[in-house]
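Here is the structure we will look at, set down as structure tokens.
The values are calculated or read from the model by the stated rules, or taken from the named source; none is laboratory data. What you see is a predicted model; the values in this text were computed from it and never measured. Cβ: placed from backbone, ideal geometry, glycine included. Neighbour counts: every protein chain shown.
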Amino acid sequence: MRRRDFLRAGALAGAAASVPTALPALDTLFAPRRGVGTAQDPLRLNANENPLGLGPAAREAAIEAFSIANRYTDNQAAAFRARLAQHLDISPDEVFLGNGSTEVLQMAVQALGGEGARFITADPTFEDVAGYRRPLGTELVAVPLDGRFSHDLERMRAEAGRAGGRAVVYLCNPNNPTGTITPSREIEAWIDDAGDDVFFLVDEAYFELVDDPAYRSCIGRAVARRNVLVVRTFSKVYGMAGLRLGYGVAHPDTVARMTAWISNNNTNQVAMAAAAASLDDTAYRARSLELNREAREFVIRTLDDLQLEHLPSHTNFVMHRIGGDVHSYIERFADRGIAVGRPFPPMSDYNRLSLGTLDDMQRWADVIRDFRRRGWV
């Protein structure tokens with residue numbers, strides 16, 4: 001065998017060896033129902049997804065939108081943005097779309113991450129902003145949550161004051177993974193007092209799920225000031241995580257600054273059609289919120305019965321103590337066909353549990369009670 005052929009054969013063999021030998025069939029991957037509760041197809045209580053799926057109006061609109069799936073989205077995107085702006089009571093030039101809210105966060109990081117910027121986040125919080133700034137070499141300062149498990153705004157403000165250039169403050173409120181909120185009045189006070197060298201990136205992915213009457217969105221300040229961007233998603237209350245549609249709200253000048261980094265045709269026909277229908281489907285929204293409240297109350301009662309501490313949740317997940325190592329806890333649940341939340345250091349003795357249907361949560365409760373009998377929690 002010639003050396004060239006030998007190397008080619010070796011490369012092909014190495015590539016083949018790197019491919020998993022037990023890939024699931026496509027008809028299994030894209031089956032209509034997922035999460036049956038086996039090791040191969042676990043019950044998904046780990047990704048903060050809406051267990052109801054698309055609402056009936058959204059599903060019908062999505063199916064209809066396949067008739068224009070062969071067309072680019074320019075016209076539909078402009079029309080949907082106008083519809084969304086009407087829903088939010090803002091101008092169309094104050095909102096822009098993303099392939100999920102994570103793309104909106106990515107645009108913001110790219111737009112703001114140069115010129116000696118310093119990113120300031122909570123610890124722990126949603127990780128995407130920290131990840132997106134890494135290729136830029138932008139400095140990151142992660143400030144531990146305070147005793148309320150809220151953002152420690154005093155320490156974050158001090159770190160912003162030490163920035164050599166622009167300070168970009170990422171506020172996930174309610175916070176993921178803790179589910180806790182930082183008082184709106186405290187955030188608003190800092191925004192109102194801050195100069196243009198501090199930019200506030202406010203992630204409101206879970207805002208629809210908050211019951212606290214003192215909680216307020218930052219949208220009003222976002223459209224009035226050039227240093228605030230509010231980021232939202234259709235993934236949670238509307239059950240559209242797999243369709244990938246999010247949006248940002250900001251002053252028109254800030255929108256232009258962000259969308260300089262947008263990819264053309266970054267949203268799709270099906271997602272926009274489903275989202276437009278969802279905005280009008282008040283019955284589905286009410287059902288989604290009610291199920292979330294019932295499931296959350298059930299989980300809290302179970303944790304209280306087991307005397308497992310939990311944080312106050314304003315989201316579709318509950319962060320709770322497990323009384324042991326989180327990696328072992330995750331593996332033991334996986335053995336029972338249930339996927340629970342990933343580790344969130346430094347909270348290594350906590351687990352983030354996503355909320356499913358009441359039947360889903362009963363299955364989780366049966367397993368965790370068995371873990372208690374075995375002395376594992």
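Grab the strands (runs of 3 or more DSSP E) fully contained in the stretch 106-181, keeping just those with 1 or more residues being without any contact (Cβ under 8 Å) to a residue 24 or more places away in the chain.
The qualifying strands (runs of 3 or more DSSP E) are 139-144.
Within the stretch 231-245, can one find any residue that is touching a strand residue (DSSP E or B) at 6+ places or on another chain (Cβ under 8 Å), under 23 Å from A117 (Cα atoms) and in contact (Cβ under 8 Å) with a residue 12 or more places away in the chain?
Looking through the stretch 231-245, at least one residue is touching a strand residue (DSSP E or B) at 6+ places or on another chain (Cβ under 8 Å), under 23 Å from A117 (Cα atoms) and in contact (Cβ under 8 Å) with a residue 12 or more places away in the chain.
For the stretch 49-88, enumerate the residues that are acidic (D, E), surrounded by 13 or more Cβ atoms within 10 Å (Cβ to Cβ) and part of a helix (DSSP H, G or I).
E60, E64
Name the helices (runs of 4 or more DSSP H) wholly inside the stretch 190-303 in which the number of residues that are surrounded by 17 or more Cβ atoms within 10 Å (Cβ to Cβ) and under 19 Å from the mean Cα position of the chain (by Cα) is 1 or more.
219-224, 269-280
From Y247, Y238, which residue is under 20 Å from V129 (Cα atoms), of a type in the set (S, T, Y) and assigned by TED's automatic domain parsing to the domain that holds A163?
Details: Y238 fails: under 20 Å from V129 (Cα atoms).
Selected residue: Y247, the only one of Y247, Y238 that is under 20 Å from V129 (Cα atoms), of a type in the set (S, T, Y) and assigned by TED's automatic domain parsing to the domain that holds A163.
Which pairs have Cβ atoms under 7 Å, sit 6 or more apart or on different chains, and link a residue in the stretch 197-226 that is under 22 Å from E159 (Cα atoms) to one that is buried (at least 22 other Cβ atoms within 10 Å of the Cβ) and among the acidic types (D, E)?
Here the result reads none, with nothing in the stretch 197-226 linked to a residue that is buried (at least 22 other Cβ atoms within 10 Å of the Cβ) and among the acidic types (D, E).
Go through (1) touching a strand residue (DSSP E or B) at 6+ places or on another chain (Cβ under 7 Å); (2) over 26 Å from L291 (Cβ atoms) one by one and return the number of the condition R352 breaks.
(2)
How many of the residues making up the stretch 330-339 are crowded, with 19+ Cβ neighbours inside 10 Å and of a type in the set (D, E)?
0
If you check H320, H327, which single one turns out to be in contact (Cβ under 8 Å) with a residue 24 or more places away in the chain and either in a helix (DSSP H, G or I) or crowded, with 17+ Cβ neighbours inside 10 Å (or both)?
H320
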